[in-house]
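Notes for the one structure printed next.
No value in this document is a laboratory result; all are computed from the given coordinates. None of the values given here were measured: they were computed from a predicted structure. Backbone-built Cβ (ideal geometry, glycine too); neighbour counts: all protein chains shown.
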Amino acid sequence: MANVILLKGGQVETVFDLDDLLYLIDRDMGYDTRILLEELTAPEDDSEEYIAQLEKENQQLREHHREVMRALREQYETIARLIREPEIDRKTLSTTAGVIGKITWREINVG
C-alpha cells in the first residue's frame, strides 16, 4: 500500500516501501542520515542473545527430528519383520501403517 507524504518544502511524495523512504531521506537529508536510519532500524541479528535463542531452537528441532525418525524406524522394523513371515498378519500390518500415518499427519499439519 502506498503512503503519500508532504515534505517540509510543500512537495508531495508517494512512498511504496522502505526503499522509497530511504531514497527521499538520502536525497533531502543526505547519505549520512540514510545510513544512520538504516543502522537504527536494522535488526540486531548478531546479538549474542539472539544467536543463543536460534541455537536453542535449532537444537530442539534436531531432537524432535530424531524422535520422529526413531518412531518411523520402529514402524519400519515391524513392517520388515512382518514381510519376512510366511503369512502376513494383516491386523498388525494395518496397525503399523496407521501409526506411520498418524506420525506423518502430525508432522505435516502440526509441526
Amide hydrogen neighbours beyond the local backbone of D89, cut-off 5 Å, H modeled = none
What is the distance in Å between the Cα centres of segment 89-110 and segment 11-88?
-> 30
Scattering from the C-alpha atoms of segment 48-109 alone, worked out with Debye: what is log10 I(q)/I(0) at q = 0.12, 0.14, 0.19, 0.27 1/Å?
-> -0.44, -0.54, -0.75, -1.06
Work out from phi, with θ = phi - 60° and the Karplus expression 6.51 cos²θ - 1.76 cosθ + 1.60, the ³J(HN,Hα) of each residue of segment 86-100, listed in order in whole Hz, and give x for Gly and Pro.
-> x, 10, 7, 7, 4, 5, 5, 4, 5, 4, 4, 4, x, 5, 4
Near-label residues of segment 1-43 by backbone N, under 17 Å of a point 7 Å along Cα→Cβ of L54 = 42-43
Debye intensity ratio in log₁₀ form over the Cα atoms of the chain, taken at each q of 0.17, 0.18, 0.20, 0.21 Å⁻¹ | -0.91, -0.96, -1.04, -1.09
Label model pair R62, R84: point-to-point distance (7 angstrom along the Cα→beta-carbon line) in nm is 3.3
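Are there any GluC sites (Glu not before Pro) in segment 53-111 that are in a DSSP loop and have at most 13 other Cβ atoms within 10 Å? List them by number.
Details: sites: E55, E57, E63, E67, E74, E77, E87, E107; in loops: E87.
The qualifying sites are E87.
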For the residue pair M29 and Y76, what label-to-label distance in nm results when each label sits 7 Å from Cα along the Cα-to-beta-carbon direction?
-> 5.8
Interchain or sequence-distant (5+) residues whose placed amide H lies within less than 5 Å of the amide H of V15 are N3, V4, I5
